[in-house]
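The values are calculated or read from the model by the stated rules, or taken from the named source; none is laboratory data. All figures in this text were calculated on a predicted structure; none of them were measured in a lab. With ideal geometry, Cβ positions are generated from the backbone for all residues, glycine too; neighbour counts draw on all protein chains shown.
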Amino acid sequence: MSDQLQDRFKDINTCDVSDALDSMDLQGQVHGLAPLWPGALPVVGPALTMKLHPQAKYSTVIGTLEGIAVGKPGDVIVFDNDGRTDINTFGSIAAYCAMKQGIVGCITDGASRDVDGMQEDNFPIYGRGTVTTSVRDRTGFVGYQIPVRIGGVDVNPGDIVMADLNGVVVIPENRLEEALRMARFFREMERRVKAAVEAGGSPVEVHENLKYDRLFSDIRAEEMPEAEPAS
């Protein structure tokens, strides 16, 4: 699953997907999350969701490891910690166990520690920041493979999540094909704009001719023509 998805997303980024989601009237742009170590690899894959909450009583350490154990190769862990940055959500031991399971990265609505260890292991981690404070005895584990919410966006198990230098986006599992088609269209439109300007066209006229500034208002997914492949 991971290799197939990576191949299908290789020529687009989260901004292309964000534009696609806008055109589909979907809110999938996660706010406030970024890579936590320089040069972290982009990730894309089905969401393996987990959630923490202060009122939950189950061990965060054991719960996280149990969640990792059900992960499939190519999954991306998506952690809902309600945006907390005062405690750790995901550390290097959990990351190492996830790697052994074939999980390709972690996105957390919270903070993480041991980020240097994840960098050494080349395990991508995205979140709100870093922290040294342990999660132990400071919150509890709610569950895994349940609906969660990160950065203002609902995520269900199996939804497709993508993260890169620009940020994080979420595609509902049943809208993947449409989102990919739209994302490729917007990537191709950007290529056409740059090519026309490179050829000497006036930037204003190029934008007007291609209706680049009106794409969201003029076109919806069901009306969108297939983009021509980049030459």
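Every residue, every condition in (1) hydroxyl-bearing (Ser, Thr, Tyr); (2) modelled with pLDDT under 85; (3) closer than 30 Å to residue 57 by Cα; (4) not assigned by TED's automatic domain parsing to the domain that holds residue 47, yes or no:
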{"position": "155", "(1), (2), (3), (4)": "no, no, yes, no"}
{"position": "198", "(1), (2), (3), (4)": "no, no, no, yes"}
{"position": "207", "(1), (2), (3), (4)": "no, yes, no, yes"}
{"position": "231", "(1), (2), (3), (4)": "yes, yes, no, yes"}
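Say whether the condition of being of a type outside the set (D, E, K, R), on the phi < 0 side of the Ramachandran plot and touching a Leu at 6+ places or on another chain (Cβ under 9 Å) is met by at least one residue in segment 31-38. Yes, because at least one residue in segment 31-38 is of a type outside the set (D, E, K, R), on the phi < 0 side of the Ramachandran plot and touching a Leu at 6+ places or on another chain (Cβ under 9 Å). Within segment 7-17, can one find any residue that is touching a strand residue (DSSP E or B) at 6+ places or on another chain (Cβ under 6 Å), farther than 22 Å from residue 135 by Cβ and modelled with pLDDT under 95? Yes - at least one qualifying residue is present in segment 7-17.
Looking at segment 3-122, the helices (runs of 4 or more DSSP H) lying wholly inside it that each contain 3 or more residues that are farther than 20 Å from residue 168 by Cα and aliphatic (A, V, I, L, M) sit at 60-69, 92-101. Collect the residues in segment 67-126 that are among the basic types (Lys, Arg) and without any contact (Cβ under 8 Å) to a residue 40 or more places away in the chain, keeping them in residue-number order. 100, 113, listed by residue number.
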